[in-house]
1. So for region 145-154 (the condition being touching a strand residue (DSSP E or B) at 6+ places or on another chain (Cβ under 7 Å), open to solvent by 90 Å² or more (accessible area, probe 1.4 Å) and either within 21 Å of ASN102 (Cα to Cα) or of a type in the set (Phe, Trp, Tyr) (or both)), does at least one residue qualify?
2. Do you know which of the residues in region 158-198 that are of a type in the set (Val, Ile, Thr) and open to solvent by 30 Å² or more (accessible area, probe 1.4 Å) is farthest from HIS132 (Cα to Cα)?
3. Which one of THR208, THR201, THR225 is open to solvent by 40 Å² or more (accessible area, probe 1.4 Å), under 23 Å from the mean Cα position of the chain (by Cα) and not acidic (Asp, Glu)?
4. Restricting attention to region 159-179, does a residue exist that is in a strand (DSSP E or B), under 26 Å from TRP122 (Cβ atoms) and modelled with pLDDT of 90 or more?
5. Say whether the condition of being farther than 23 Å from GLU104 by Cβ and not in a helix (DSSP H, G or I) is met by at least one residue in region 221-240.
6. Name the pairs: first residue in region 216-227 and under 14 Å from ARG88 (Cα atoms) and in contact (Cβ under 8 Å) with a residue 24 or more places away in the chain, second residue open to solvent by 30 Å² or more (accessible area, probe 1.4 Å) and of a type in the set (A, V, I, L, M), Cβ to Cβ under 9 Å, at least 6 apart or on different chains?
7. Determine the pairs where a residue that is more than 15 Å from ALA8 (Cβ to Cβ), located within region 19-37, has a partner that is of a type in the set (S, T, N, Q) and buried (at least 19 other Cβ atoms within 10 Å of the Cβ) with Cβ atoms under 8 Å apart, the partner being 6 or more residues away or on another chain.
8. Quick one: LEU191 ticks every box in (1) assigned to a helix (DSSP H, G or I); (2) under 28 Å from VAL81 (Cα atoms); (3) of a type outside the set (Val, Ile, Thr); (4) out of contact with any strand residue (DSSP E or B) (no Cβ under 8 Å at 6 or more places or on another chain) except a single one, so which number is it?
Amino acid sequence: MIGSVQRAMRLLESVAEHEYGAPAKQLARETGLALPTAYHLLRTLVHEGYLRRDKGLFFLGEAAERLSSSGAEQKRRSTVVEALAHWRDLIGVPVYYAQYRNGEIEVLCVSDSPGNPAVEEWADFRETGHAHAIGQCLLAQLDDEARRDHLDRYPVQSITPYTVRDGHSLLRRLERTARMEPVTERQEYALGTVCAAIPITLGNAAATMAISLPAHQADRLLAATQQLQEEIGRLMGTLAISISI
């Protein structure tokens with residue numbers, strides 16, 4: 001163990017407990033450090049940006065706040081990962097989480113298993129949003145202008161015999177999709193695979209949770225989708241912030 005590191009961490013923890021700052025003498029007393037040692041470590045932490053000093057009081061600095069922010073973000077990501085893994089095991093399907101961000105389809109998390117593998121991304125997910133359930137679900141949540149902008153950048157192309165044939169047909173399909181209605185596709189992106197995607201409300205952001213199944217298990221798709229919807233509903237309060245990753 002490196003004693004100076006341990007002592008510095010104790011000082012950081014002590015400062016964090018004082019919203020309105022604390023003087024060196026109080027921090028030394030709370031951490032059981034000799035005052036000269038506390039002063040030396042506090043100056044070092046200030047120099048490195050982990051603390052700041054104002055009128056004789058010490059506060060957490062920008063470097064410590066960045067660590068705190070990163071830790072909170074990791075915790076939110078962990079919540080999503082754990083939820084997807086739970087649903088994967090409960091329903092027996094791969095589970096995906098995706099968002100539409102900065103004009104792009106982004107699959108942010110996938111939870112699968114050897115017995116229930118995820119769909120292989122054999123054609124770029126961002127460029128083929130018209131073909132897979134995730135992309136169709138996200139596009140259905142966009143306004144008309146954003147939807148057309150996406151399709152101008154990534155035109156509809158047939159990648160399997162079942163893919164929608166043209167942009168006009170796709171737009172008609174998306175316009176008929178109810179706002180919170182799940183989207184399903186059967187072998188439009190990958191032969192031998194059926195998928196469903198459930199829209200997620202994130203303020204103005206478009207997001208979705210999705211599942212996939214081998215085509216020979218297509219009769220499970222509806223029930224599995226309904227089960228995932230119910231599970232999302234149970235955890236939505238917990239996930240509301242966490243899925244904004």
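The values are calculated or read from the model by the stated rules, or taken from the named source; none is laboratory data. These figures come from a predicted structure and were not determined experimentally. So basically every Cβ, Gly included, is an ideal-geometry build from the backbone, and we count neighbours across all protein chains shown. Heavy atoms of the whole protein, side chains included, go into the accessibility calculation; ligands, DNA and RNA do not. Shrake-Rupley method; radii C 1.70, N 1.55, O 1.52, S 1.80 Å.
1. Of the residues in region 145-154, the ones touching a strand residue (DSSP E or B) at 6+ places or on another chain (Cβ under 7 Å) are none.
No, region 145-154 contains no residue that is touching a strand residue (DSSP E or B) at 6+ places or on another chain (Cβ under 7 Å), open to solvent by 90 Å² or more (accessible area, probe 1.4 Å) and either within 21 Å of ASN102 (Cα to Cα) or of a type in the set (Phe, Trp, Tyr) (or both).
2. Residues of region 158-198 of a type in the set (Val, Ile, Thr): 159-160, 163-164, 177, 183-184, 193-194, 198.
Then drop every residue that is not open to solvent by 30 Å² or more (accessible area, probe 1.4 Å), which leaves 159, 177, 184.
Values: ILE159: 10, THR177: 15, THR184: 8 Å.
Filtering region 158-198 for residues that are of a type in the set (Val, Ile, Thr) and open to solvent by 30 Å² or more (accessible area, probe 1.4 Å), the one farthest from HIS132 (Cα to Cα) comes out as THR177.
3. Values: THR208 fails: open to solvent by 40 Å² or more (accessible area, probe 1.4 Å); THR225 fails: open to solvent by 40 Å² or more (accessible area, probe 1.4 Å).
Exactly one residue qualifies, and that residue is THR201.
4. Step one: list which residues in region 159-179 are in a strand (DSSP E or B), which gives none.
No: region 159-179 contains no residue that is in a strand (DSSP E or B), under 26 Å from TRP122 (Cβ atoms) and modelled with pLDDT of 90 or more.
5. No.
6. The qualifying pairs are GLN227/LEU90.
7. Final answer for the pair search is ALA22/SER14.
8. (1)
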